[in-house]
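Below is one structure, written out as structure tokens, with a few remarks after it.
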Amino acid sequence: MQLHPRQVRLIDEVRQLGSVSVDTLAERFGVTLQTVRRDVRMLAEAGLLARFHGGVRVPGSTTENIAYRQRQRLNEAAKQRIAAAVAAAVPHGCSLILNIGTTTEAIARELMRHRGLRVITNNLNVAAILSDHADCELIVAGGVVRARDRGIVGEATVDFIRQFKVDIALIGISGIEADGTLRDFDYREVTVARAILEHSREVWLAADHSKFNRPAMVELARLENLDRLYTDAPPPEPFPHLLAEAGVQCVVAE
């Protein structure tokens, strides 16, 4: 298909951001909402973008996440802002669990100046970062190492996590759907994440704006299972209402 230059720029914008509202696109390109909706409809019909209520996102599978190296680069600045906000709220001398994900790895880097931490992780990338921290007791979960991202999963990992009760779980997620469910792609990873939630006194989710309205196959939990959500932009509708209803504190690291 022959694309208008504006439509090419629109695709690039969505790919860079992961997901974006129609209102934001209209403002960014200086066109009417009707023009953006027409472009989005045509691009979605061609399979180049995927629509959701009020916005558009990069099309993706519900069964398989994008590659780890691509996830590292995706919304990198947003993840750094989120990580800084999370680290600023973590008290010295507390116990934490950090799970699998590029955002939790960014948080680990921001925790390098904290004192007296005890950190449990099933993420070898987090372990590699915090192993250089002299004032952090680091505990690495046992289990099967997933080669594509160095995450540790499996029943042995679940059994290991169940030995502990930590102050705060710092978790990432692949998608937050409009029904309030938190979703991921690998059932083994989700099983470990559920154990992490059950064995933490507080649960803080770190998720950039591209995670809203992103589908994934396996339900991990619901918004009401969280205490805090850290993100980089005000969540789109219907999430403000859902978060308020669930009693979740939303922190926007703009």
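Every number in this text was worked out from the coordinates using simple rules, so none of it is lab data. Keep in mind that what you see is a predicted model, and the values were worked out from it rather than measured. So basically every Cβ, Gly included, is an ideal-geometry build from the backbone, and we count neighbours across all protein chains shown.
For labels at ARG15 and PHE164 in the simple 7 Å Cα→Cβ model, what's the distance in nm?
3.9
Would you calculate, for the chain, the mean residue ellipticity at 222 nm contributed by helices, counting each DSSP H stretch of 4 or more residues as -39,500 (n - 2.57) and dividing by all residues, to the nearest 500?
-11000 deg cm²/dmol
Quick one: which residues, 5+ away or cross-chain, put their amide H under 5 Å from the amide H of VAL203? H built at 1.01 Å from N.
ALA169, ASP227, ARG228
Using Cβ contacts closer than 10 Å as the measure, can you line up ASP149, ASP159 from fewest to most?
Least to most surrounded, the residues fall as ASP159, ASP149.
Multiply the residue gap between GLN34 and ALA244 by 0.36 nm, knock off their C-alpha separation, and tell me the result in nm, one decimal place.
This chain segment gains 72.5 nm when fully extended.
When the chain is treated as a GNM, springs tying every alpha-carbon pair under 10 Å, which of ARG15, ARG148, ARG194 comes out with the largest mean-square fluctuation?
Maximum among the listed residues: ARG148.
In the Gaussian network model of the chain, springs joining C-alpha atoms below 10 Å, which of ALA89, ALA141, ALA77 carries the largest mean-square fluctuation?
The residue with the greatest mean-square fluctuation here is ALA89.
Under the rule a/c < 1.5 gives rounded, and otherwise a/b versus b/c splits prolate from oblate, where does region 5-57 land using the Cα gyration tensor?
rounded
What ratio of Cα Rg to 2.2 N^0.38 Å holds for the chain?
Here the answer is 1.04, to two decimals.
Output the antiparallel fraction of DSSP beta bridges having both residues in the chain, as a percent to the nearest 5.
Once the DSSP bridges in the chain are tallied, antiparallel ones form about 40 percent.
Measure nothing fancy, just the Cα-based angle from helix 187-198's long axis to the longest principal axis of the chain, in degrees from 0 to 90, nearest 10.
It is inclined by approximately 60 degrees.
Note the angle between two axes, namely the Cα long axis of helix 76-89 and the longest principal axis of the Cα atoms of the chain, as a number of degrees from 0 to 90, rounded to the nearest 10.
Approximately 40 degrees, to the nearest ten.
Can you give me the angle between helix 33-45 and the longest principal axis of the chain, using Cα atoms only, in degrees from 0 to 90, rounded to the nearest 10?
Approximately 70 degrees, to the nearest ten.
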